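Report on one structure; see the data block that follows.
Rule-based calculations on the coordinates, nothing more; no lab input. Note that the structure is predicted; figures quoted are calculated from it, not measured. Every residue, glycine among them, receives a Cβ derived from its backbone with ideal geometry; neighbour counts consider all protein chains shown.
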Amino acid sequence: DTEVTQTPKHLVMGMTNKKSLKCEQHMGHRAMYWYKQKAKKPPELMFVYSYEKLSINESVPSRFSPECPNSSLLNLHLHALQPEDSALYLCASSQNSAGPAQETQYFGPGTRLLVL
Amino acid sequence: QKEVEQDPGPLSVPEGAIVSLNCTYSNSAFQYFMWYRQYSRKGPELLMYTYSSGNKEDGRFTAQVDKSSKYISLFIRDSQPSDSATYLCAMSPGTGTASKLTFGTGTRLQVTL
């Protein structure tokens with residue numbers, strides 16, 4: 001099973017709201033990723049967690065706050081977002097060890113976020 | 001110059017055609033190469049991954065890597081309307097830890113009846 005699940009599928013929020021995106025995988029992967037994707041563009045990396053520790057933050061604004069409660073779960077907490085933050089937010093996971101199979105990332109279906 | 005270049009298309013072919021999708025890259029450290037298919041408003045789906053130079057075949061799909069030319073290809077045989085999607089190449093240096101994938105911009109493919 002190579003499934004990464006994400007909830008919710010769609011989210012509409014105002015600029016003063018606080019919301020969270022959730023990602024889950026049960027493949028035993030120890031690396032998890034958040035990406036942001038705008039229309040007709042490739043995914044842009046936001047954060048990487050390796051063994052539940054934040055290992056890469058691609059200079060993402062603090063209104064995005066990631067959390068990795070355990071090796072299967074990854075959250076992205078959203079607060080005071082701007083309309084330009086509207087995008088498809090993708091979660092991915094990988095095994096996090098050496099080798100092409102182990103480093104291959106598997107993506108979830110994404111959460112489509114609209115900020116009004 | 002971008003690290004990974006990919007023709008954005010759109011590429012339109014008739015059903016049954018052989019499709020060739022390509023990426024070039026500049027970073028010689030890249031070791032692992034992947035192709036993802038992304039349908040509209042969905043997440044990327046892994047199609048194939050390869051390591052270093054050579055070919056890999058899976059059904060109607062063949063991935064080729066030529067590291068000497070810094071060039072990778074995905075061939076789709078007997079293309080079907082269901083193959084209509086955006087195809088993203090991605091690559092990484094293969095450091096053995098969670099590392100950043102570098103994506104091409106994606107090629108939009110339309111297979112017509």
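Of note:
- Among B:11, A:114, A:88, B:88, the order by Cβ neighbours within 10 angstrom, fewest to most, reads A:114, B:11, A:88, B:88.
- DSSP loop trypsin sites (Lys or Arg not before Pro) with at most 15 other Cβ within 10 Å: longest gap in chain A: A:64-116
- Rg and Dmax over the alpha-carbon atoms of the protein assembly as shown stand at 17.6, 52 Å.
- Separation of region B:25-94 and region A:42-116, taken as the distance between their Cα centroids, equals 22 angstrom.
- Simple spin-label estimate for residue B:5 and residue B:73 in nanometres, 7 Å along Cα-Cβ: 1.7 nm
- Applying the Karplus relation 6.51 cos²θ - 1.76 cosθ + 1.60 with θ = phi - 60° to region B:66-74 yields 3J(HN,Hα) values of 10, 5, 5, 9, 6, 9, 10, 9, 10 Hz, where x marks Gly and Pro.
- Per residue of B:45-56, other chain Cβ atoms within 10 Å of the residue Cβ number 2 on average.
- Count Lys and Arg as plus one, Asp and Glu as minus one, and take only other residues whose Cβ is under 10 Å from that of residue A:13; the net charge is then +1.
- FRET efficiency for the pair residue A:7 and residue B:80, taken as 1/(1 + (r/R0)^6) with r the Cβ-Cβ distance and R0 = 41 Å, rounds to 0.85.
- Given charges at beta-carbon only (K, R positive; D, E negative), |dipole| of the protein assembly as shown in Debye: 540 debye
- Computed from Cα atoms alone, the Kirkwood hydrodynamic radius reported for chain B is 14.2 Å.
- Look at the dipole of the protein assembly as shown built from charges on Cβ: of A:116, A:51, A:92, the Cα furthest out on the positive end belongs to A:116.
- Farthest positive-ward along region A:1-83 dipole, Cα basis, beta-carbon charges - from A:33, A:62, A:15: A:15
- Normalised by residue count, chain A yields a Cα convex hull volume of 98 Å³ per residue.
- Sites residue B:15 and residue B:46, calculated FRET efficiency, Cβ-Cβ separation with R0 25 Å, nearest 0.05: 0.55
- For chain A, modelled as a GNM whose springs connect Cα atoms under 10 angstrom apart, the maximal fluctuation among A:31, A:80, A:92 occurs at A:80.
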